[in-house]
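Quick note: the coordinates plus some simple rules give every number you see, no bench work behind them. These figures come from a predicted structure and were not determined experimentally. In this analysis, Cβ positions are derived from the backbone assuming ideal geometry, glycine residues included, and neighbour counts consider all displayed protein chains.
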């Protein structure tokens, strides 16, 4: 198998591994290009990063290229997590740990992820439309995980579950949060609610590290 070059990374993924739209974006180097550009600007040396939504492992591989960074990444779709592991190994990112699942605030509970043919519509909500596969797993408490691993930077692309996460997660020691908004799933009112929750917890929209649906919230100094 030949390697694709995507955002400067080696990506050993074939056309049969991914939906047509994803393959096209890999070929023309546009796969999650906005997020790739922004996280490289946002990550800092020695960050301890929790990524929710590994995807193909490209974003976490970029994050892990910064000095002293450690990344823990979770992917709800086990088939996609397997592809991500392949990408991470190809780029020798030994400072990335990938696991299948999704840490969420609160006690462990059963969560189902609905994978759809239009990958951008995949989500944790059954009502978002017909789905190709449903992946169920037990969550772990993200609040415990953040504390145990001294996480200071969170990267999220979690199919519409952002509001639940920011509403209930303990974010006291988090310095930056990058998330990909899904307004097509919850509308502008959902974006308002996410922003309000983060503002209440001491974060502010950072325009220099945001673009379109890729948004960075930085903690105000007085809230440390």
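How much of the DSSP bridge set in the chain is antiparallel, in percent, rounded to the nearest 5?
Once the DSSP bridges in the chain are tallied, antiparallel ones form about 50 percent.
What is the calculated FRET efficiency for residue 111 to residue 27, with r their C-beta to C-beta distance and R₀ = 45 Å, to the nearest 0.05? Walk me through the intermediate numbers first.
Working: r = 33 Å, r/R0 = 0.73.
Step by step, r from the Cβ atoms, then E = 0.85.
Work out the FRET efficiency for residue 118 and residue 82 from their Cβ-Cβ distance, taking R0 = 22 Å, and round it to the nearest 0.05.
Numbers: r = 21 Å, r/R0 = 0.96.
Computed FRET efficiency for residue 118 and residue 82: 0.55.
Normalised radius of gyration for the range 65-128, please: alpha carbon Rg relative to 2.2 N^0.38 Å, two decimal places. Please report the intermediate quantities before stating the final value.
Values: Rg = 14.1 Å, N = 64, 2.2 N^0.38 = 10.7 Å.
My calculation over the Cα atoms of the range 65-128 gives 1.32.
So what is the 222 nm mean residue ellipticity for the chain from helices alone, if each DSSP H run of at least 4 adds -39500 (n - 2.57) and you divide by all residues, rounding to the nearest 500 deg cm²/dmol?
On the way: 7 runs with 69 residues, N = 224.
Calculated at 222 nm, the ellipticity per residue is -9000 deg cm²/dmol.
So how much slack lies between residue 99 and residue 20, counting 0.36 nm per residue of separation and subtracting their Cα-Cα distance, in nm?
Working: separation 79, 0.36 × 79 = 28.44 nm, distance 2.53 nm.
Between residue 99 and residue 20, full extension yields an extra 25.9 nm.
Among 95-108, 74-87, 182-195, 148-161, how do they line up by average Cβ neighbours within 10 Å per residue, starting with the highest?
Values: 95-108: 17.2, 74-87: 20.6, 182-195: 15.3, 148-161: 19.1.
Ranking the peptides 95-108, 74-87, 182-195, 148-161 by packing returns 74-87, 148-161, 95-108, 182-195.
What order do you get for 60-69, 17-26 when each peptide is scored by the mean count of other beta carbon atoms within 10 Å, highest first?
Final packing ranking: 60-69, 17-26.
Working out 0.36 nm times the residue gap between residue 175 and residue 5, then minus their Cα-Cα distance, what length gain in nm do you get to one decimal?
Values: separation 170, 0.36 × 170 = 61.20 nm, distance 3.14 nm.
Stretched out fully, the residue 175 to residue 5 stretch lengthens by 58.1 nm.
At R0 = 30 Å, how high is the FRET efficiency between residue 220 and residue 125 if r is their beta carbon distance? Nearest 0.05 is fine.
Values: r = 32 Å, r/R0 = 1.06.
It comes out at approximately 0.40.
Say each of residue 150 and residue 192 gets a label point 7 Å from the Cα, pointing the same way as Cα to Cβ; how far apart are those two points in nm?
4.1
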